[in-house]
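Engineer: Here it is: the structure, laid out below.
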Amino acid sequence: MHSGRFLLIPALAALSALAVDAQFQDASAGSGLGSELISGSEEKPYILESMTGGVAFIDYDDDGWIDIYLVNGGTLDAPGGGVPRPHDRLYRNNGDGTFSDVTSDAGLGDSSWGMGVAVADVDNNGYDDIYVTNYGPNHLYLNGGDGTFRNADIAELEGDEWSSSASFGDYDADGDVDLYVTNYLEFDPQDLPEDSQLCRYRGIRVQCGPRGMIPTADRFYENLGDKLFRDATAESGIGAVPASYGLGVVWTDYDDDSDQDIYVANDSTANYLFQNNGDGTFSEIGLLAGIALSADGKEQAGMGVDFGDFDNDSRMDLVVTNFSDDYNTLYRNVGDGLFRDVSLQAGVGEPTWSKLSWGVRFVDFDLDGFLDLVISDGHVYPEVDRHDIGIRYRQPNSAFRNLGDGTFQEVAVPQGPTGPHSSRGLAAGDFDSDGRIDLLIANLDAPPTLLRGSAATGNWLLLDLRGTTSNRSAIGARATVVAGDLRQVREVRSGGSYQSHSDLRLHFGLGEHRSADTVTIRWPGGMEQVLEAVPADQVLRIEEPAP
């Protein structure tokens, strides 16, 4: 998990002063989201206990209000005295800032040791389905459109590994979403590394791993339609890479060639970029593209991932979160298939050096037309609180405002009445339909944090895209919005962040512009659609035109 790069740049250990104009308000109290995330004991002596925390924004009933799915963990000791096992939960958005637990009514409540969640309309019936990764068999829950789900029981998608993140994308543009699943490592509490140095952090005895443990290979599943999948890991070329400690995955068309590529963040090993060759195969080119390692050529400890065009040059840039004693990495897409590490120059490297970061999203929280950054933070070793090393187990979450000149400024994030947590998954979306971005963050041994966007006063546009010949979720669609001198590009994506899934709708801040001059949609099937003079401050549902 940790890279061993301790304090190579001592000056980076100091956090920058935070701006006082926070963009969010804590809306957790009274929201109804009171379920606690259980993952082993609070002492976390095993690596398994530190890694869960998937959350999802999903409009499961298609009523225009995004609902919430929370993944829960488990315990290594069998529960006794009739105590129920922790289970996942589905919360329905009541439209008034509160949520109701509808897990039982929906036929959900997985009691496996959960990790992550991804959402897509797998069977193209108009309702989003839920895929949950577990320590053990994974599960696909199909949405019947009547408020209930059923376990698809598709053996090919279950596996029996320790899976972390998952993400859907249509690699062959056939209208059916395919699935990439990252797997982490072989875990046996009775068979831990014998080398004591692999179980120490700055000389402190801590949980073992991941180094010294055996990584497990990721899986790629092709959707054949009619709820049939096949394991295409080997045939696609994805299986040609060495097994690594996979934690984060996201699809994107980074090279703008109209097909979807895949980026994987690996813990303590080089990250992967799978370029779509357009013939049903992928080639791993992370090192050639400059996004496998840090700027100084070091393996980092990748956790969460996201792509977004932060400099509005119509090229997808990349952010990867990493372990403490290292910085979160911001890669600028400079064209010709190449990226450059600009973390320090952009101002996101120094403030993140002492933090251990997980979930991450590019979002425009101030509605000025430039993508900002939000990050969830928290250490894996509770033992650090007993030592004066400048690092805490519970850490404040982070946000960075994009100044529009290639640099970011850190701003405050509410931490709630009980102070910071050790946070994990992070999802972004507009749960109260006011045009401002809201955040959902998982916290170990605590209920989730719900943050409502509150300070932004600019105009906005929210695009709800629905495929017809393309996949119904429109995953892989690319929208370009032009408003005056603002030109912004967004992609519809499933999964990403860390083990989490954000609102599928595309959010654009428009600043002072009261309308978009043009909205151009490039659908996954290749069709291009243009709308003109689109009024701002609305949720606009757009269906893919017939060929």
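Engineer: Select from the stretch 34-78 the residues that are acidic (Asp, Glu) and not in a loop (DSSP other than H, G, I, E, B) and write down the one among them that is nearest to CYS208 (Cα to Cα).
Structural biologist: It comes out as GLU49.
Engineer: What about LEU70, is it under 20 Å from the mean Cα position of the chain (by Cα), open to solvent by less than 10 Å² (accessible area, probe 1.4 Å) and either on the phi < 0 side of the Ramachandran plot or among the polar types (S, T, N, Q) (or both)? Even if it seems obvious, please write down each step before you answer.
Structural biologist: Values: under 20 Å from the mean Cα position of the chain (by Cα): yes; open to solvent by less than 10 Å² (accessible area, probe 1.4 Å): no; either on the phi < 0 side of the Ramachandran plot or among the polar types (S, T, N, Q) (or both): yes.
Here the answer is no, as LEU70 does not meet what is asked.
Engineer: Out of the stretch 156-205, which residues are aromatic (Phe, Trp, Tyr) and assigned to a strand (DSSP E or B)?
Structural biologist: At the first step, the residues of the stretch 156-205 found to be aromatic (Phe, Trp, Tyr) are 162, 168, 171, 180, 184, 187, 201.
Result: TRP162, PHE168, TYR180, TYR201.
Engineer: Are any residues in the stretch 41-67 more than 20 Å from the chain's Cα centre (by Cα) and buried (at least 22 other Cβ atoms within 10 Å of the Cβ), and if so, which ones?
Structural biologist: Hits for the stretch 41-67 are LYS44, ILE47.
Engineer: Please determine whether any residue of the stretch 183-198 is within 18 Å of VAL305 (Cβ to Cβ), of a type outside the set (A, V, I, L, M), open to solvent by 10 Å² or more (accessible area, probe 1.4 Å) and at pLDDT 95 or above.
Structural biologist: The answer is no, given that none of the residues of the stretch 183-198 is within 18 Å of VAL305 (Cβ to Cβ), of a type outside the set (A, V, I, L, M), open to solvent by 10 Å² or more (accessible area, probe 1.4 Å) and at pLDDT 95 or above.
Engineer: Which members of the stretch 144-155 meet the condition of being over 20 Å from ILE66 (Cβ atoms) and either assigned to a loop (DSSP other than H, G, I, E, B) or of a type in the set (A, V, I, L, M, F, W, C) (or both)?
Structural biologist: Within the stretch 144-155, ALA152, ASP153, ILE154, ALA155 meet the criteria.
Engineer: Which of the residues that make up the stretch 1-28 are at pLDDT below 95, assigned to a loop (DSSP other than H, G, I, E, B), farther than 17 Å from LEU185 by Cβ and within 26 Å of the chain's Cα centre (by Cα)?
Structural biologist: GLY4, ARG5, LEU15, SER16, LEU18, ASP21, ALA22, GLN23
Engineer: Now a separate question. Taking the stretch 226-258 only, how many residues are assigned to a loop (DSSP other than H, G, I, E, B), open to solvent by 30 Å² or more (accessible area, probe 1.4 Å) and either modelled with pLDDT under 95 or in contact with a Phe, Trp or Tyr (Cβ under 7 Å, 6 or more places away or on another chain) (or both)? Steps first, please.
Structural biologist: Taking the stretch 226-258 and keeping what is assigned to a loop (DSSP other than H, G, I, E, B), we get 226-227, 232, 237, 241-245, 253-258.
From what is left, the residues that are open to solvent by 30 Å² or more (accessible area, probe 1.4 Å) are 226-227, 241-243, 255-258.
Filter again for either modelled with pLDDT under 95 or in contact with a Phe, Trp or Tyr (Cβ under 7 Å, 6 or more places away or on another chain) (or both), leaving 226-227, 241.
Going through the stretch 226-258 one residue at a time, the tally reaches 3.
Engineer: Scanning for something hydroxyl-bearing (Ser, Thr, Tyr) and either part of a strand (DSSP E or B) or open to solvent by less than 30 Å² (accessible area, probe 1.4 Å) (or both), does the stretch 422-439 turn up at least one residue?
Structural biologist: yes
Engineer: Let me ask you something else. Note down all Cβ pairs under 6 Å where the first residue falls in the stretch 246-265 and is free of Cβ contacts under 8 Å to residues at least 24 places away in the same chain, the second is open to solvent by 10 Å² or more (accessible area, probe 1.4 Å) and among the aromatic types (Phe, Trp, Tyr), and they're at least six residues apart or on different chains.
Structural biologist: Close Cβ pairs satisfying both conditions: ASP261/TYR254.
Engineer: I'm told PRO396 meets every condition in (1) open to solvent by 20 Å² or more (accessible area, probe 1.4 Å); (2) more than 30 Å from THR457 (Cα to Cα) except one. Can you identify the failing condition by its number?
Structural biologist: (2)
Engineer: Another question, if that's okay. Give the residue that is surrounded by the most Cβ atoms within 10 Å (Cβ to Cβ), with candidates limited to residues of the stretch 341-371 that are touching a Lys or Arg at 6+ places or on another chain (Cβ under 7 Å) and outside any loop (DSSP other than H, G, I, E, B).
Structural biologist: GLY359
Engineer: Would you mind stating whether LEU461 is under 19 Å from TYR127 (Cβ atoms), open to solvent by less than 30 Å² (accessible area, probe 1.4 Å) and part of a strand (DSSP E or B)?
Structural biologist: no
Engineer: Can you pull out the residues in the stretch 298-325 that are on the phi > 0 side of the Ramachandran plot and of a type in the set (S, T, N, Q)?
Structural biologist: Answer for the stretch 298-325, where residues must be on the phi > 0 side of the Ramachandran plot and of a type in the set (S, T, N, Q): ASN312, SER314.
Engineer: I'd like to know if the stretch 211-224 contains one or more residues that are open to solvent by 60 Å² or more (accessible area, probe 1.4 Å), among the aliphatic types (A, V, I, L, M) and closer than 19 Å to SER494 by Cβ.
Structural biologist: Within the stretch 211-224, one or more residues are open to solvent by 60 Å² or more (accessible area, probe 1.4 Å), among the aliphatic types (A, V, I, L, M) and closer than 19 Å to SER494 by Cβ.
Engineer: Just the residues that are over 17 Å from LEU371 (Cα atoms), part of a strand (DSSP E or B), open to solvent by 10 Å² or more (accessible area, probe 1.4 Å) and not small (Gly, Ala, Ser), please, taken from the stretch 484-533.
Structural biologist: The answer is ASP517, THR518, THR520, ARG522, GLU528, GLN529, VAL530, LEU531, GLU532.
Engineer: For the stretch 372-392, how many residues are open to solvent by less than 10 Å² (accessible area, probe 1.4 Å) and in a loop (DSSP other than H, G, I, E, B)?
Structural biologist: Of the residues in the stretch 372-392, 5 are open to solvent by less than 10 Å² (accessible area, probe 1.4 Å) and in a loop (DSSP other than H, G, I, E, B).
Engineer: Here is a further query. Based on this model, can you work out whether SER314 counts as open to solvent by 10 Å² or more (accessible area, probe 1.4 Å), among the small types (Gly, Ala, Ser) and at pLDDT 95 or above?
Structural biologist: Yes: the conditions hold for SER314.
Engineer: Please verify whether LEU288 is part of a loop (DSSP other than H, G, I, E, B), of a type in the set (A, V, I, L, M, F, W, C) and either within 25 Å of SER502 (Cβ to Cβ) or modelled with pLDDT of 95 or more (or both), treating the condition exactly as stated. Let's see the steps before the verdict.
Structural biologist: Numbers: part of a loop (DSSP other than H, G, I, E, B): no; of a type in the set (A, V, I, L, M, F, W, C): yes; either within 25 Å of SER502 (Cβ to Cβ) or modelled with pLDDT of 95 or more (or both): yes.
For LEU288, the condition - part of a loop (DSSP other than H, G, I, E, B), of a type in the set (A, V, I, L, M, F, W, C) and either within 25 Å of SER502 (Cβ to Cβ) or modelled with pLDDT of 95 or more (or both) - is not met.
Engineer: Tell me, which residue of the stretch 249-302 that is in contact with a helix residue (DSSP H, G or I) (Cβ under 7 Å, 6 or more places away or on another chain) and among the hydroxyl-bearing types (Ser, Thr, Tyr) is nearest to VAL342 (Cα to Cα)?
Structural biologist: Looking at the filtered set, the residue picked out is TYR272.
The values are calculated or read from the model by the stated rules, or taken from the named source; none is laboratory data. Computed from a predicted model, the values in this text were never measured in an experiment. Here Cβ is always computed from backbone atoms with ideal geometry, including for glycine, and neighbour counts include all displayed protein chains. Just so you know, the surface numbers come from the protein's heavy atoms only, side chains and all, with ligands and any DNA or RNA stripped out. Shrake-Rupley method; radii C 1.70, N 1.55, O 1.52, S 1.80 Å.
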